[in-house]
Amino acid sequence: MSNPQIELHITGHGVITIELDAEKAPKSAANFLSYVQSGHYDNTVFHRVIKNFMIQGGGFEPGMKQKPTQAPITNEADNGLKNHVYTLAMARTSDPHSATAQFFINTVDNDFLDFKSPTAQGWGYAVFGKVVKGQEVVDAIKAVRTTRKGFHDDVPQDDVVIEKAVVVGA
Amino acid sequence: MTALPAFGALQAPAHWRTVDFISDLHLRPEEPQTFDAWAHYLGATPADAVFILGDLFEVWVGDDAAAPGSFEARCGQVLADCRADLLFMHGNRDFLVGPDFLARHGVRELADPTVLIAAGQRLLLTHGDLLCTDDVDYQRFRAQVRAAGWQRNFLAHPLAERQAIARQMRTQSEAHHASQAVYADVDEPLARQWLAGANATTMIHGHTHRPADHTLGADARGRALTRVVLSDWHIDAHTRRAQVLRLTVGDALVRLDPL
């Protein structure tokens, strides 16, 4: 079975096609797929954009209203996959196993996010897929003007909205 | 930021044989175990000097918050009772700790960054937030709140108002952590530039809560460059995390568990 592919349709920007690595990150891939299929990612924004770092989204509606999520998943960062440019990884709190729906796309190689050790500070961020088409859309999003909104830094001034997320060939 | 900002320089007195570095304790009344561990450590350390490289306090709204009986006053007492020389650098949380509070408790203020000349080395000390240049919005915010005019204006509000603002920011900050923001690391090319500008080969900082020793290659003279990151402290029912970096004259830097 080939790896699932998902299209993120970004209003005014284009389509980012992601391929999930179901073999190396089975839990993260299944979790992401579940959120796609339930429509969770539809009408969410990339709410945290730092140009030479990453773009993060999947958690908030426009207006920074947080969407409810399912239970957190185990961190799979020890799967050998690295936080290279255009890879997809799960966001989380400082609790290593707190990832739910939010994800980010690395816009540079971010070695310091890789798994180092199974400790609170060493777990790193689980890579579970990569952008296979639409890298130029990622590049356009990473360069949008950002601002501080409330206590959130690096929020795009103009919302970058995932209009819909769909499984390719579904 | 593309160059080393104006930095302080501190020549260690000859009697300093052991120097400790800590940061990111984020002391707050809601975390009594962290406070207790810190108080115990400062009371017991054999170091001649302790450098506190920022975010000692989770929040600081003004020196008048350290009224008798307050948590801030208890922290002040721990500082005053410590027999070691104490040196404090502001962090991104406790940037409003004032010269009055520091002087009253026998603590010397450090510029960020500061070059420490000790044990035959030049060590570049910084909290770390200045080097996270990827976060443009944060750097803009930092410049705003570090400006004398902004601080004077903020401190002119009644204490109760400032405490209410801090509580509100605390609630928002907690929600922010729930929002799972992924944070950038320091800009390593910039760190190398800073080391070159300070003619130092070792940088020590906190802020990122990612303790590690990083080699940054070699400088123009072929000397190995290192970036040493301090651990944060956090102790509660589920977590025990605290660390001290110790410099002993004639020896390498070591990380110690003060618990």
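How big, in percent, is the set of alpha carbon pairs in the range A:5-167 lying more than 30 Å apart? Roughly 7 percent, rounded to a whole number.
Hey, if you drop one equal point scatterer on each alpha-carbon of the protein assembly as shown and run the Debye formula without solvent, what base-10 log of I(q)/I(0) do you get at q = 0.09, 0.11, 0.12 Å⁻¹? Taking Cα atoms of the protein assembly as shown as identical point scatterers yields -0.61, -0.89, -1.04. Between B:GLN163, B:GLN11, B:GLN172, the residue with the greatest mean-square fluctuation in the GNM of chain B (Cα pairs under 10 Å linked by springs) is B:GLN172. Summary of the geometry: the range A:1-30 and the range B:71-144, compared by the centres of their Cα atoms, lie 45 Å apart.
Per residue, the average separation of C-alpha pairs within less than 8 Å and at least 6 apart gives chain B a relative contact order of 23 percent.
A Cβ-based charge dipole, computed about the Cα centre of chain A with Lys and Arg at +1 and Asp and Glu at -1, lands at about 260 debye. Considering only A:GLN56, A:ALA77, A:PHE32, and ranking their Cα positions along the charge dipole of the range A:5-167 that arises from unit charges at the beta-carbon of Lys, Arg, Asp and Glu, the one farthest toward the positive end is A:GLN56. Taking only the alpha carbons of chain B, we obtain Rg and Dmax values of 17.9, 55 Å in that order. Loop-located trypsin sites (Lys or Arg not before Pro) in the range B:184-259 (DSSP state not H, G, I, E or B) with no more than 15 neighbouring Cβ atoms inside 10 Å: B:ARG221, B:ARG223. Taking 23 Å as the straight-line reach from the Cα of A:LYS24, the lysines in range (excluding those fewer than 8 positions away in the same chain) are A:LYS82, A:LYS116, A:LYS130, A:LYS133. The residue among B:GLY217, B:VAL136, A:ASN3 whose Cα reaches farthest toward the positive pole of the charge dipole of the protein assembly as shown, with charges on the beta-carbon of Lys, Arg, Asp and Glu, is B:GLY217. Normalised by the number of residues in the range A:5-167, the mean separation of alpha-carbon contacts (under 8 Å, six or more apart) gives a relative contact order of 34 percent.
A short reminder: the numbers here are calculations on the coordinates, not readings from a lab. Owing to the predicted nature of the structure, the values given are computational and were not obtained by experimental measurement. FYI the Cβ positions are ideal-geometry reconstructions off the backbone, even for glycines, and counts take in every protein chain you see.
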